[in-house]
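Here, each number is a calculation from the coordinates, and none is a lab measurement. Note that this is a predicted model, so its numbers are computed, not measured. Cβ: placed from backbone, ideal geometry, glycine included. Neighbour counts: every protein chain shown.
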Amino acid sequence: MRFATRISVFLFALAATGLAHGSPVRDLQHELGIDDSKWTVAKETESEIDWTTPGGEAVTLMVHQRPSEMTDPKDKKALQAVFRDEARDEKGGLVEVQTFVSSGVTCGLVTMKFPMNVFNPQAAGYGYQINAIIPMKNASYVLQVAAAESGTTGVREATVTIIDMQQRKIKDLAQEAAGFRRDPYDSKYDADALYMISDDRKWDKAFPDHPLTRARRLIDTLIKGWKLSAKTRQDALFK
């Protein structure tokens with residue numbers, strides 16, 4: 001299983017282990033300025049920490065001592081292809097591939113979604129996973145936030161369907177459905193896509209409690225506070 005789509009803690013009940021501070025992953029946490037004082041540790045090793053938040057999100061920080069799989073951010077098609085394939089390998093789908101710059105380092109921000117019945121045949125709806133990736137020359141640092149639907153599902157999709165049909169003056173539901181679910185970047189991958197137009201960020205304000213909105217809001221907050229050390233900046237793959 002590739003590291004960026006490692007299935008998040010929200011899919012499993014994990015036992016706490018609680019290692020002492022000073023491990024590589026704790027050092028990275030402190031460098032980035034990630035405050036976990038209100039979170040609960042679900043699992044911890046030298047290279048990974050899994051937390052759960054009071055809001056029900058799962059947060060994972062990972063240190064991988066191998067070159068990053070992230071390709072040149074200037075080649076958007078190649079970058080999208082890497083993570084599209086990765087999502088598909090894990091029975092999920094690609095929602096969004098972005099890059100952002102932190103302390104002069106170009107990082108990746110990749111959003112994927114997974115049908116929850118992949119993990120539990122009785123579960124409905126989707127789980128959403130966002131990976132903020134710092135690609136290094138000989139390592140990769142990944143901060144992941146994930147959240148899953150529970151209770152009544154499909155409200156966001158149904159509401160956006162109605163609004164989109166009204167805005168585009170479409171009366172045929174079949175016509176709307178034909179373009180509602182598609183690949184976010186390349187139509188030749190539409191057949192296997194899980195992305196829906198309701199996954200677009202522009203709908204987040206209308207659905208503040210949706211798991212995709214919550215995951216985006218949390219990871220956006222976390223990466224805005226990142227502080228990269230001089231060594232990380234020096235060893236970063238893309239600057």
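Would segment 39-187 count as rounded, prolate or oblate if I go by the C-alpha gyration tensor, calling it rounded below 1.5 in a/c and otherwise prolate when a/b exceeds b/c, oblate otherwise? Can you show the working numbers first?
On the way: a/c = 2.33, a/b = 1.43, b/c = 1.63.
In terms of gyration-tensor shape, oblate.
Among residues other than THR52 whose Cβ falls under 14 Å from its Cβ, what is the net charge (Lys/Arg +1, Asp/Glu -1)?
With Lys, Arg at +1 and Asp, Glu at -1, the neighbours total -1.
For segment 51-130 and segment 188-239, what is the separation of their C-alpha centers, rounded to whole Å?
Answer, in whole Å: 8.
Go ahead and run the numbers for FRET between LYS91 and ALA177, Cβ-Cβ distance against an R0 of 25 Å, rounding to 0.05.
0.65
Rounded, prolate or oblate: which fits segment 18-123, taking a ≥ b ≥ c as square roots of the Cα gyration tensor eigenvalues, rounded meaning a/c under 1.5, else prolate when a/b beats b/c? Display every interim value, and only then the final one.
Numbers: a/c = 2.02, a/b = 1.17, b/c = 1.72.
Oblate shape, in that a/c is at least 1.5 and b/c is the bigger or equal ratio.
Could you derive backbone 3J(HN,Hα) for segment 161-171 from the dihedral phi with the Karplus parameters 6.51, -1.76 and 1.60 (θ = phi - 60°), listing whole Hz in sequence and x where the residue is Gly or Pro?
In residue order, the calculated couplings are 4, 5, 5, 5, 5, 5, 5, 9, 6, 9, 10 Hz.
When DSSP beta bridges are limited to those with both residues in segment 111-204, what percentage is antiparallel, rounded to the nearest 5?
100
About its Cα centre, how strong a charge dipole does the chain have in debye, to the nearest 20, once Lys and Arg get +1 and Asp and Glu get -1 at the Cβ?
On the way: 32 positive and 32 negative charges, 112 e Å.
Its charge dipole is roughly 540 debye.
Which residue, chosen from ILE223, ALA178, MET116, occupies the Cα position most advanced towards the positive end of the dipole of segment 99-239, where the dipole is computed from +1 (Lys, Arg) and -1 (Asp, Glu) charges on Cβ about the Cα centre?
Checked the options; the winner is ILE223.
Could you give the nm distance between label points at LYS74 and ASN117, where each point is 7 Å from its Cα heading toward the beta carbon?
According to this spin-label approximation, the distance is 4.5 nm.
Order these by the 10 Å Cβ neighbour count, fewest first: VAL97, VAL118.
VAL118, VAL97
Cα gyration tensor of segment 117-239, axes a ≥ b ≥ c as square roots of the eigenvalues: rounded (a/c below 1.5), prolate (a/b > b/c) or oblate?
Prolate shape, in that a/c is at least 1.5 and a/b is the bigger ratio.
Any lysines with Cα under 28 Å of the LYS239 Cα? List them, leaving off those in the same chain fewer than 8 positions away.
Candidates past the 8-residue exclusion: LYS74, LYS76, LYS77, LYS137, LYS224, LYS227, LYS231.
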